[in-house]
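Trainee: Sending over a structure as structure tokens; questions will come in a sec.
The values are calculated or read from the model by the stated rules, or taken from the named source; none is laboratory data. Computed from a predicted structure; not experimentally measured. With ideal geometry, Cβ positions are generated from the backbone for all residues, glycine too; neighbour counts draw on all protein chains shown.
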Amino acid sequence: MKKIAVYGKGGIGKSTTVSNLSAALSMDGLRVMQIGCDPKADSTKNLTGGRNIRTVLDLLREKKDTVRLEDLITPGFNGILCVEAGGPTPGIGCAGRGIIAAFEKLKELQAYEIYKPDMVLYDVLGDVVCGGFAMPMREGYADEVVIVSSGEMMSLYAAHNIAQAIKNFAGRRYAALNGIILNRRNIKNERVLVETAAREIGAAIIGEVPRCSLVQDAEEEGKTVLEKFPSSEMSGIYRGLARLLAGGEAAAAS
């Protein structure tokens, strides 16, 4: 089992990227689990026909100790195991603490041991890297971290913060930074800006996702590009990146 935490500034297209990677991995024969770690709880909606699934925190509030593992996991496109951590009632409680509670419950119910995913992708909001939002890298849940960024300044600022947080945990054998996925916004000198930022944080650009109208066309139907346009060039880009991230896991499944 390989576990990857994908971080990035809110609104950068991180959930879109993660969902398409999950779809690509599943179509390569891997058993995939995607865990949304954002209070908006919309990470997996393009794997479930556009609908928002029940969150771990909502179910814990409703069912308390009677909640079952199958309540927390929703099958999505091509059998992808979808989980949304969720968040507190607006204005009450800490979103980071909600992620911690969700992770602890999944661990208590032995989600990984029972479902045995080949790949686990955590979709984590990267505007703030503290508390529960740092849990995937801090508590050893993930093997590595990938940052999604464009050339926009706030996106690059978030990437710097995420990289610094990873360095702070480097001595504890926690998740290492794999690299940056450039999710293009077609701004001036975008590649150069991201390459410069990557050098500053000691990372590499491991993949590049062009801006493409097929992404929005697919999302209008609550689908990924892999599901809606499986033969498209864009699907091929996601497949190539997914195989790069999967490494030995993809080889073992083939």
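Trainee: Find the residue count for segment 180-204, including only residues that are free of Cβ contacts under 8 Å to residues at least 40 places away in the same chain and assigned to a strand (DSSP E or B).
Mentor: Going through segment 180-204 one residue at a time, the tally reaches 2.
Trainee: Which of the numbered conditions does Met33 fail, given that it passes all the others? Conditions: (1) touching a strand residue (DSSP E or B) at 6+ places or on another chain (Cβ under 7 Å); (2) under 22 Å from Cys94 (Cα atoms).
Mentor: Here Met33 meets the rest and fails (2).
Trainee: Condition check: closer than 25 Å to Lys64 by Cα and either in a loop (DSSP other than H, G, I, E, B) or touching a residue at least 24 places away in the same chain (Cβ under 8 Å) (or both). Does Pro117 satisfy that?
Mentor: On the way: closer than 25 Å to Lys64 by Cα: no; either in a loop (DSSP other than H, G, I, E, B) or touching a residue at least 24 places away in the same chain (Cβ under 8 Å) (or both): yes.
Answer is no for this residue.
Trainee: Shifting gears a bit: Based on this model, can you work out whether Asn161 counts as under 17 Å from Asp127 (Cβ atoms), surrounded by 14 or more Cβ atoms within 10 Å (Cβ to Cβ) and touching a strand residue (DSSP E or B) at 6+ places or on another chain (Cβ under 6 Å)?
Mentor: On the way: under 17 Å from Asp127 (Cβ atoms): yes; surrounded by 14 or more Cβ atoms within 10 Å (Cβ to Cβ): yes; touching a strand residue (DSSP E or B) at 6+ places or on another chain (Cβ under 6 Å): no.
It is false that Asn161 is under 17 Å from Asp127 (Cβ atoms), surrounded by 14 or more Cβ atoms within 10 Å (Cβ to Cβ) and touching a strand residue (DSSP E or B) at 6+ places or on another chain (Cβ under 6 Å).
Trainee: Of all residues in segment 55-86, which are buried (at least 23 other Cβ atoms within 10 Å of the Cβ) and of a type in the set (Asp, Glu)?
Mentor: Passing the criteria: only Glu84.
Trainee: Given the structure, is Gly126 crowded, with 22+ Cβ neighbours inside 10 Å and either small (Gly, Ala, Ser) or at pLDDT below 90 (or both)?
Mentor: yes
Trainee: Going by the conditions given, is Ala197 crowded, with 22+ Cβ neighbours inside 10 Å, under 26 Å from Asp42 (Cβ atoms), at pLDDT 95 or above and of a type in the set (A, V, I, L, M)? Full working, then the answer.
Mentor: On the way: crowded, with 22+ Cβ neighbours inside 10 Å: yes; under 26 Å from Asp42 (Cβ atoms): no; at pLDDT 95 or above: yes; of a type in the set (A, V, I, L, M): yes.
Judged against the criteria, Ala197 is not a match.
Trainee: Could I ask something else about it? Out of the residues in segment 164-185 meeting the condition of being modelled with pLDDT under 95 and among the small types (Gly, Ala, Ser), tell me which one is surrounded by the most Cβ atoms within 10 Å (Cβ to Cβ).
Mentor: Filtering first and then ranking leaves Ala175.
Trainee: Next question. What is the residue count in segment 129-162 for residues that are among the β-branched types (Val, Ile, Thr) and either assigned to a helix (DSSP H, G or I) or over 15 Å from the mean Cα position of the chain (by Cα) (or both)?
Mentor: At the first step, the residues of segment 129-162 found to be among the β-branched types (Val, Ile, Thr) are 129, 145-148, 162.
Retained after the next criterion (residues that are either assigned to a helix (DSSP H, G or I) or over 15 Å from the mean Cα position of the chain (by Cα) (or both)): 162.
The total comes to 1.
Trainee: Select from segment 4-18 the residues that are surrounded by 20 or more Cβ atoms within 10 Å (Cβ to Cβ) and either more than 23 Å from Lys105 (Cβ to Cβ) or not small (Gly, Ala, Ser) (or both) and list them in ascending order.
Mentor: Ile4, Val6, Tyr7, Gly8, Lys9, Ile12, Gly13, Lys14, Thr16, Thr17, Val18
Trainee: While we're on this one: Please verify whether Ile147 is at pLDDT 95 or above, under 29 Å from Lys223 (Cβ atoms) and crowded, with 22+ Cβ neighbours inside 10 Å, treating the condition exactly as stated.
Mentor: Yes, satisfied.
Trainee: Which residues, counting only those in segment 87-114, are in a loop (DSSP other than H, G, I, E, B) and either under 17 Å from the mean Cα position of the chain (by Cα) or hydroxyl-bearing (Ser, Thr, Tyr) (or both)?
Mentor: Gly87, Thr89
Trainee: Right, here's the next one. Taking the conditions exactly as written (aliphatic (A, V, I, L, M), assigned to a helix (DSSP H, G or I) and farther than 20 Å from Ser150 by Cβ), does Leu245 satisfy them or not? Reasoning before the result, please.
Mentor: Numbers: aliphatic (A, V, I, L, M): yes; assigned to a helix (DSSP H, G or I): yes; farther than 20 Å from Ser150 by Cβ: no.
Here the answer is no, as Leu245 does not meet what is asked.
Trainee: Taking Leu177 as meeting all but one of (1) free of Cβ contacts under 8 Å to residues at least 12 places away in the same chain; (2) in contact with an Asp or Glu (Cβ under 9 Å, 6 or more places away or on another chain), write down the number of the exception.
Mentor: Failing condition for Leu177: (1).
Trainee: Would you point out which residue out of Phe133, Phe103 is touching a strand residue (DSSP E or B) at 6+ places or on another chain (Cβ under 9 Å) and in contact (Cβ under 8 Å) with a residue 40 or more places away in the chain?
Mentor: Phe133
Trainee: Answer yes or no as to whether Gly49 is at pLDDT 95 or above and either among the polar types (S, T, N, Q) or over 17 Å from Asp217 (Cα atoms) (or both). I'd like the intermediate steps shown before the answer.
Mentor: Details: at pLDDT 95 or above: yes; either among the polar types (S, T, N, Q) or over 17 Å from Asp217 (Cα atoms) (or both): no.
Criteria not met by Gly49.
Trainee: Kindly list the number of the only condition in (1) in contact (Cβ under 8 Å) with a residue 40 or more places away in the chain; (2) among the small types (Gly, Ala, Ser); (3) within 24 Å of Phe77 (Cβ to Cβ); (4) not in a helix (DSSP H, G or I) that fails for Gly207.
Mentor: That leaves (1) as the condition not met.
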